[in-house]
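Here is the structure we will look at, set down as structure tokens.
The values are calculated or read from the model by the stated rules, or taken from the named source; none is laboratory data. In this text, all values refer to a predicted model and were calculated from it rather than measured experimentally. Here the Cβ is made from the backbone with ideal geometry for all residues, glycine too, and neighbour counts use every protein chain on show. Only protein heavy atoms, including side chains, enter the accessible area calculation; ligands, DNA and RNA are left aside. Shrake-Rupley method; radii C 1.70, N 1.55, O 1.52, S 1.80 Å.
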Amino acid sequence: MPLIKEIIEDNYRVLIWRVEENLDNLREGVVLREATKERFSKMKSEVHQKGFMAVRYLLSAAGYSDLDLRYDENGKPSLVDGSHISISHSFEYASIIIGTENVGIDVEMKRDKIKRIANKFCNTIELELATNAQNEIEVLTEVWCAKEAMFKMCESRSLSFKDDMNVLTGEKRAIVNNEIFKQLFEYKLIDLGNFVLVYALESKS
């Protein structure tokens with residue numbers, strides 16, 4: 001199994017896998033709940049199917065299985081032992097973060113098209129920062145990943161990426177602030193070549 005990176009800290013664990021196997025190999029030996037089988041059967045994209053199955057192998061590498069995974073009414077996953085988990089996969093990368101406290105993760109490919117949609121998820125300061133940067137696509141992808149990771153950690157499904165979230169890329173810190181709640185976050189960035197991965201934690205300061 002091509003587990004390319006594992007980060008273990010006192011309160012969280014990150015696992016990243018580059019998906020190189022074909023779908024038949026990925027399906028071998030994986031036990032799925034009936035609800036998971038149904039979700040898988042409805043997936044049209046083989047890339048999505050492979051990422052979905054790769055996550056189940058990452059669960060196994062962390063000592064869990066699909067049988068230990070649960071989703072709430074908002075689609076937020078958790079583990080039966082009470083641990084927090086966040087999941088992301090994009091093309092050939094799959095990743096999970098498991099923590100004793102709230103955690104979030106997102107991996108995205110660096111693509112030109114993010115510049116076309118930047119004004120939909122970036123505020124004025126973030127747009128200006130990215131536009132003035134030499135690596136505009138990378139900065140925009142980092143902002144998106146950080147906001148997606150935070151979104152996965154928040155209970156509200158109505159958060160606006162543009163209006164309710166602010167990312168400070170230089171400090172690797174971010175904030176969600178709307179009428180419901182205010183929460184500070186810190187995040188780590190991993191450059192995977194053509195991909196950016198961000199994992200986030202609630203800030204204690």
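Given a Förster distance of 41 angstrom, what is the FRET efficiency for Ile175 paired with Leu23, based on the Cβ-Cβ distance and rounded to 0.05? Spell out each step's value before the answer.
Values: r = 40 Å, r/R0 = 0.98.
Efficiency computed from Cβ-Cβ geometry: 0.55.
For the chain, a Gaussian network of Cα nodes joined below 10 Å ranks Lys110, Lys188, Lys37 by mean-square fluctuation, and the top entry is Lys37. Per atom type, the chain shows carbon and sulfur on 46% of its accessible surface, probed at 1.4 Å.
Taking 8 Å as the Cα distance limit and 6 or more residues as the minimum spacing, I'd like the relative contact order of the range 127-183 as a percentage. Let's see the in-between values first.
Values: 38 pairs, mean separation 13.0, N = 57.
This gives 23 percent for the range 127-183.
Converting phi to 3J(HN,Hα) with the Karplus coefficients 6.51, -1.76 and 1.60 and the offset θ = phi - 60°, the range 2-16 yields x, 7, 8, 7, 9, 10, 10, 10, 4, 10, 7, 9, 10, 10, 10 Hz in sequence order, with x at every glycine or proline. Rounded to the nearest 0.05, what FRET efficiency do Arg33 and Arg116 give with R0 = 25 Å and r taken as the Cβ-Cβ distance? Could you check? After rounding, the FRET efficiency stands at 0.05.
Comparing Glu148, Glu179, Glu101 in a Gaussian network model of the chain, where Cα atoms under 10 Å apart are tied by springs, the biggest mean-square fluctuation is seen for Glu179.
Under 8 Å for C-alpha pairs, at least 6 residues apart: give me the relative contact order for the range 1-116, rounded to a whole percent. Walk me through the intermediate numbers first.
Numbers: 185 pairs, mean separation 29.8, N = 116.
Relative contact order comes out at 26 percent.
Seen through its C-alpha gyration tensor, with square-root eigenvalues sorted a ≥ b ≥ c, the range 94-205 comes out oblate because a/c lies at 1.5 or above while a/b is not bigger than b/c. For the pair the range 8-31 / the range 123-197, the C-alpha centres are spaced 26 Å from each other.
Rounded to the nearest 0.05, what FRET efficiency do Ile7 and Thr100 give with R0 = 22 Å and r taken as the Cβ-Cβ distance? Could you check?
Numbers: r = 15 Å, r/R0 = 0.67.
It comes out at approximately 0.90.
The residues of the range 1-98 expose, per residue, 53 Å² of accessible area to a 1.4 Å probe.
Please report Rg over Rh for the range 159-204, where both radii come from the alpha carbon positions and Rh follows the Kirkwood definition. Mind showing how you got there, number by number?
Details: Rg = 11.8 Å, Rh = 11.5 Å.
On the Cα set of the range 159-204, Rg over Rh gives 1.02.
What is the P(r) of the range 29-113, as percent of Cα-Cα pairs per 5 Å bin from 0? Spelled out bin by bin, the range 29-113 gives 3, 13, 24, 27, 20, 9, 4, 1, 0 percent.
For Lys188, the lysines whose Cα comes closer than 30 Å to its Cα, not counting residues fewer than 8 places off in the same chain, are Lys5, Lys50, Lys76, Lys110, Lys113, Lys115, Lys120, Lys147, Lys152, Lys162, Lys172, Lys204. For Lys5, the residues 5 or more places off, or on other chains, whose built amide H falls under 5 Å of its own are Ile16.
Compactness check for the range 1-70: Cα Rg over 2.2 N^0.38 Å is 1.14.
For the range 1-57, GluC sites (Glu not before Pro) meeting the loop criterion (DSSP other than H, G, I, E, B) and having at most 13 other Cβ atoms within 10 Å: Glu9, Glu20, Glu28.
Ordering Ser41, Ile16, Gly51 by the projection of their Cα atoms onto the charge dipole of the range 4-56, which places +1 on the Cβ of Lys and Arg and -1 on the Cβ of Asp and Glu, puts Ser41 at the extreme positive end.
Can you compute the helix-only [θ] at 222 nm over the chain? Use -39500 (n - 2.57) per DSSP H run of at least 4 residues, normalise by all residues, nearest 500 deg cm²/dmol. Write out the running numbers ahead of the final one.
Working: 6 runs with 63 residues, N = 205.
The helix-only estimate for the chain comes to -9000 deg cm²/dmol at 222 nm.
Which residue, Ile98, Ile137, Ile85, has the most motion in a Gaussian network model of the chain that connects Cα atoms within less than 10 Å? Taking springs between Cα atoms under 10 Å, the residue moving most is Ile137.
For the range 1-160, compute Rh as the Kirkwood radius over C-alpha pairs and then the Stokes-Einstein diffusion coefficient at 37 °C and 0.692 mPa s; write the answer in µm²/s, rounded to an integer. Write out the running numbers ahead of the final one.
On the way: Rh = 17.0 Å.
Estimated via Stokes-Einstein, D reaches 193 µm²/s.
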